[in-house]
Amino acid sequence: MPDYMIDTYRLPPLLVENLGRESRDFAVMANRSQPVKVSLGLVIFGTCWLAFTSIFVVTFLGPLFVGREVHFLSNDVPVVASPENLKPIVVPALVIGLFVLVGLGMLGYGLYAMFKKGGYYVGTPARLVHYRNGKIRSIDWEQFSGDIEVSGNEEKGNITLGLRTGKMVSQKNGPSRYVPDKIYIAGVRKAFKVEQLCRQRIKENDPTPSV
């Protein structure tokens, strides 16, 4: 049996029941929920965010921790906060705290996603089925755009499948752009072969008329 086909007895019973008598093109176990580079990008961004925010923490809150006063301007009016008078710095502290929480959230999610298992992926002639922690998601091949990325080597790699759905994302220095949703099949054996099977089924189920 090829490396991209897990034996039925090794698949979760709930997944086997959902598949029924459908034929299977491939059945693989993903080591990760998304490629390392995606998670690493979030970790790096969260770390940079926290490093930048720490400047404000040290500037505004650092002196208070050692019993010193903090001098700053509020609406161009000099304000002094001290351990005995924290009221002037309550609002700035809440804003800084919010930024710190955002940074911690991004960093924590990036680390979590980096080690999160991807679950099982099964391809049939009509759909892609994903099973993880007792939950099943089924996506018809016609929902995929055909935009596919694959990386790695002949033994193991990552596959990114673009969907037809997505959202508009605003940019600071330019017009909004459309970002498609993606399905990651990360850390699987024979990724290039699985990618070929996915591409074949997407073409076969393409709802747009050929020209």
What is the dipole size for the chain, taken about its Cα centre, with +1 at each Lys and Arg Cβ and -1 at each Asp and Glu Cβ, in debye to the nearest 20?
-> 280 debye
Of the chymotrypsin sites (Phe, Trp or Tyr not before Pro) in segment 1-85, those whose Cβ has at most 13 other Cβ within 10 Å and which sit in DSSP loop | none
Rounded to whole Å², per residue accessible area for the chain with a 1.4 Å probe reads 62 Å²
Calculate what fraction, in whole %, of the accessible area of the chain sits on carbon and sulfur atoms when a 1.4 Å probe is rolled over the protein chains.
-> 59 percent
What's the long-distance tail for segment 113-181, i.e. % of Cα pairs beyond 17 Å?
-> 60 percent
Peptides 157-170, 90-103: what's the order by average Cβ count within 10 Å, highest mean first?
-> 157-170, 90-103
Roll a 1.4 Å probe over the protein heavy atoms and report the accessible area of residue 149 in Å², nearest 10.
-> 90 Å²
What ranking of 189, 132, 137 comes out by heavy-atom accessible area, probe 1.4 Å, highest first?
-> 137, 189, 132
In segment 1-80, trypsin sites (Lys or Arg not before Pro) in a DSSP loop with at most 13 other beta-carbon atoms within 10 Å = 21, 68
Measuring from the lowest to the highest alpha carbon on each principal axis, how far does segment 91-211 reach, largest first, in angstroms?
-> 58, 35, 29
Taking alpha-carbon centroids only, segment 142-187 lies from segment 50-91 a number of Å equal to 44 Å
Sketch the reach of a paramagnetic label on residue 54 as a point 7 Å from Cα along Cα-to-Cβ, and name the residues of segment 83-102 whose backbone nitrogen lies under 20 Å away.
-> 93-102
Taking every other residue with Cβ under 9 Å from the Cβ of residue 32 and scoring Lys and Arg +1, Asp and Glu -1, one gets +2
Check: segment 106-171 dipole with +1 on Lys, Arg Cβ and -1 on Asp, Glu Cβ, in debye | 420 debye
State which helices in the chain qualify, where a helix is a whole DSSP H run, it must extend 18 Å or more along its own axis by its Cα atoms, and its mean Kyte-Doolittle hydropathy must be at least 1.6.
-> 36-56, 90-115
Once the piece of chain linking residue 23 and residue 36 is laid out straight, how much longer is it, given 0.36 nm per residue of separation minus the C-alpha distance between them?
-> 1.6 nm
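The values are calculated or read from the model by the stated rules, or taken from the named source; none is laboratory data. Just so we're clear, the structure is a prediction, and the values are computed from it rather than from any experiment. Cβ atoms come from the backbone with ideal geometry, glycine included; neighbour counts cover every protein chain shown. All accessible areas refer to the heavy atoms of the entire protein, side chains included, with ligands and DNA or RNA removed. Shrake-Rupley method; radii C 1.70, N 1.55, O 1.52, S 1.80 Å.
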